[in-house]
Amino acid sequence: MQLNAKERRLFFNGPCLDELSMCQAMCCRQWDVNLSLEEVQSNKYQLESICFVTKKECESPEKECLNRSYRLKKKENGDCLYLGEDSKCSIYNERPKVCRDFTCKDGWRLADVVRPSDSKEDFDQKRAENVAAKLKGDMRFVLNPFNQKAEIFYSPKKEEIVAVVERPDKCCLVTSRFPFPHFKFTSNQLAAFLDLFDGKNNLDKVLSGFNAQFNLDLPVKVFYLLISSLLSKGIIVFKS
């Protein structure tokens with residue numbers, strides 16, 4: 001174990017079992033253990049289907065709903081169902097891939113007990129790419145009905161999109177950012193882009209309408225990355 005006081009990070013260098021007395025299996029208590037489709041179909045795990053938008057149990061009858069994710073069941077206190085009282089995994093040899101790939105070598109921030117921001121950005125980028133790969137031209141999306149208001153802006157200097165959302169359960173505007181170096185938009189273009197999500201246009205029509213309106217040639221791959229990023233921030237949702 002090593003402390004970097006300047007970066008306020010604690011690094012665990014030894015095997016997981018050797019560090020349990022210090023970390024108390026925090027990785028099994030802090031986050032959802034998400035499952036791949038193959039792991040879901042293996043029937044090895046007790047799992048639950050969660051809506052990405054509401055964070056509650058998914059009730060959509062649509063089999064390919066992009067707002068649905070699967071995770072290992074949790075105990076009432078939020079711990080992973082398979083975490084024992086000794087802070088050890090009871091299915092260690094059969095643990096999901098996300099658990100196998102997880103590492104503490106990047107360090108933990110002491111201030112807020114989350115993974116470093118660079119690691120989170122890598123994770124968000126991979127998630128956006130994975131969702132983009134599942135998109136189809138005949139899919140339809142609408143503006144998230146849980147938002148009272150949503151606007152998106154593009155910062156060319158930082159090559160990022162800024163989303164500002166007003167939600168009924170928040171007392172202030174919620175701002176989020178995500179890197180988007182793939183295409184340079186104007187704020188007027190992005191404002192008009194959101195107007196196209198009326199539930200009538202599928203993705204093919206949204207893309208063709210957007211390109212025609214602003215005389216652009218936005219590639220399908222980049223368009224799908226934008227869609228998946230807006231999904232991840234709760235700006236739009238899949239219409240089943």
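The values are calculated or read from the model by the stated rules, or taken from the named source; none is laboratory data. Everything numeric here is computed off the predicted structure, so don't read it as measured data. Here the Cβ is made from the backbone with ideal geometry for all residues, glycine too, and neighbour counts use every protein chain on show.
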| Within region 149-169, tally of residues that are under 18 Å from Leu190 (Cα atoms) and free of Cβ contacts under 8 Å to residues at least 60 places away in the same chain | 13
| request: Give the residues of region 96-106 that are touching a residue at least 12 places away in the same chain (Cβ under 8 Å) and under 18 Å from Asn34 (Cβ atoms), sorted by residue number. | output: Pro96, Lys97, Val98, Cys99, Phe102
| remark: Of the residues in region 183-194 that are surrounded by 14 or more Cβ atoms within 10 Å (Cβ to Cβ) and out of contact with any strand residue (DSSP E or B) (no Cβ under 7 Å at 6 or more places or on another chain), the one that is farthest from Glu151 (Cα to Cα) is Phe183
| message | Scan region 103-125 and tell me whether some residue there is surrounded by 15 or more Cβ atoms within 10 Å (Cβ to Cβ) and modelled with pLDDT of 75 or more. | response | no
| message | Test of understanding: among Arg140, Arg177, which residue is loosely packed, with under 14 Cβ neighbours inside 10 Å and within 20 Å of the chain's Cα centre (by Cα)? | response | Arg177
| query | Any idea which of (1) at pLDDT 90 or above; (2) over 21 Å from Leu225 (Cβ atoms) is the one Phe153 doesn't satisfy? | reply | (2)
| message | I need the full set of residues from region 26-40 which are modelled with pLDDT of 85 or more and outside any helix (DSSP H, G or I), in order please. | response | Asp32, Val33, Asn34, Leu35, Ser36
